[in-house]
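Remarks on the structure that follows.
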Amino acid sequence: LDMLHQGGVTTALDMGIGIFGNPQMEINLIRGTAETMRSPSRIILTPIITDFLTRNISPEEALKEIQSWRAGNSSRVIIDKHFKLMIDGAIFSGLSQMGPPGYLDGHEGVWMVPIPLTKQWAEVFWNAGYKLHAHTNGDKSADALLDLVKELDTKFPRENHGTTLEHFAYTREEQNQLISELGMMVSANPYYNYILSDIFSEKWLGTERGSKMVRLGSLEQLQVPFALHSDCPMAPLSPLTLAWTASTRLTINGKTSDVNEKISLRAAMRSITIDAARVMGWEDEIGSIRVGKKADFVVLDQDPFEAGASNLKKITVKGTIFEGKLYPIEDKIN
């Protein structure tokens, strides 16, 4: 919670409650800690498919259990109507599902949950009005998710479903176009490009694909709403650092990785404010300063639009205002 404050984060969407096998214990621990510390932030907890599969619970039983968890919501810890699917493996371990020509060394990725079973769970939660999020890294897994959303939206049309592709390590241009057409959103980790683009280009994907990791520039052109996330500790819990990464496309070796996939400074700032709120489904309450919204915002030592994209990560967070109360960084949270 101190890390959230230091990073200037007032609302965080946690994407995997239950990964340690006892979701109620995790929820109680998070609630107890947040309420005791009275930290200037709220956490939205998201149930994850693998927790219920491990416990041999059906989708219908899962819905009932989640509803019981929601009864304990407070102003600081909320279980909203979000549900996370797991499509392919992690990008760092090289277990994402990559389409042709695959990995250049011949190894293959993994499916975290069989696609037919994923579809079964997705249909239940889609029809229950939940916002679906899907851990999706490679373009082969993106194909599977896009096929799933097309099928759901054909069988059970639903306006503003906002299904969100999480992580977004590598997609093809036509997939980004389809994301737009299907009314989907993206929550991306731009640090993948910073850390992995060079080595993936050399070892696993080749330059053509490796240089196009986390292709947010095309999403901006297509006007697809997208947020930036850290997946901490996979990236620093610093929205301004993530915005710097996405808007400069610099890699860890100081190279520039496909300038066409840079995003504008305006898009970078939206991706950690109002568009992040849209991905959370909270755009009517947070993400911008407007009458009727919660008074949440960050206090910085520079105006990002004056500092420019290249200096975003150098900006210092001085404090946050959470629900109208100032919390300077130097203050100890009680």
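Worth pointing out:
- Three principal axis lengths of the range 232-334 [C-alpha, angstrom, descending]: 42, 30, 29
- Paramagnetic reach from residue 105 in the range 75-93 [backbone N under 15 Å; point 7 Å along Cα→Cβ]: 91-93
- Relative intensity, log₁₀ I(q)/I(0), of the range 133-241 from a Debye sum that treats every alpha carbon as a point, q = 0.10, 0.11, 0.15, 0.17 Å⁻¹: -0.28, -0.34, -0.63, -0.79
- FRET E, pair residue 203, residue 50, Förster distance 30 Å, beta-carbon r, rounded to 0.05: 0.60
- Separation of the residue 293 and residue 223 label points, Cα + 7 Å toward Cβ, nm: 2.0 nm
- Theoretical gain in end-to-end length, residue 128 to residue 14 [0.36 nm per residue, Cα-Cα removed]: 39.0 nm
- Relative to the current alpha-carbon distance between residue 305 and residue 326, full extension at 0.36 nm per residue lengthens the span by 5.3 nm.
- Proximal charge balance of residue 7 [Cβ under 13 Å; K/R count +1, D/E count -1]: +1
- Against the rule of thumb 2.2 N^0.38 Å, how large the Cα Rg of the chain comes out: 0.97
- Within the accessible area of the range 142-264 (1.4 Å probe), percent carbon and sulfur: 49 percent
- With all pairs of different C-alpha atoms in the average, the Kirkwood value for the hydrodynamic radius of the range 1-133 is 16.4 Å.
- The residue 316 and residue 252 beta-carbon pair, evaluated with R₀ = 22 Å, returns a calculated FRET efficiency of approximately 0.45.
- Around the amide H of residue 88, modelled in the peptide plane, lie the amide H atoms of 112, 137, all under 5 Å away and 5 or more residues distant in sequence or on another chain.
- Rounded to 0.05, the FRET efficiency of the residue 160 and residue 33 pair, given R0 = 35 Å and the Cβ-Cβ distance, is 0.55.
- Other residues within the sphere of radius under 10 Å centred on the Cβ of residue 167, judged by their own Cβ, net out at -3 (K and R +1, D and E -1).
- Taking all protein chains into account, the per residue accessible area for the chain stands at 44 Å² (1.4 Å probe).
- Scanning the chain for chymotrypsin sites (Phe, Trp or Tyr not before Pro) in DSSP loops with at most 15 neighbouring Cβ atoms within 10 Å leaves 93-334 as the longest stretch between them.
The values are calculated or read from the model by the stated rules, or taken from the named source; none is laboratory data. The structure presented is a predicted model; accordingly, all values stated were derived computationally and were not measured. Note that each Cβ is placed from the backbone with ideal geometry, even for glycine, and that neighbours are counted across all protein chains shown. The accessibility values were calculated without ligands, DNA or RNA, using every heavy atom of the protein model including side chains. Shrake-Rupley method; radii C 1.70, N 1.55, O 1.52, S 1.80 Å.
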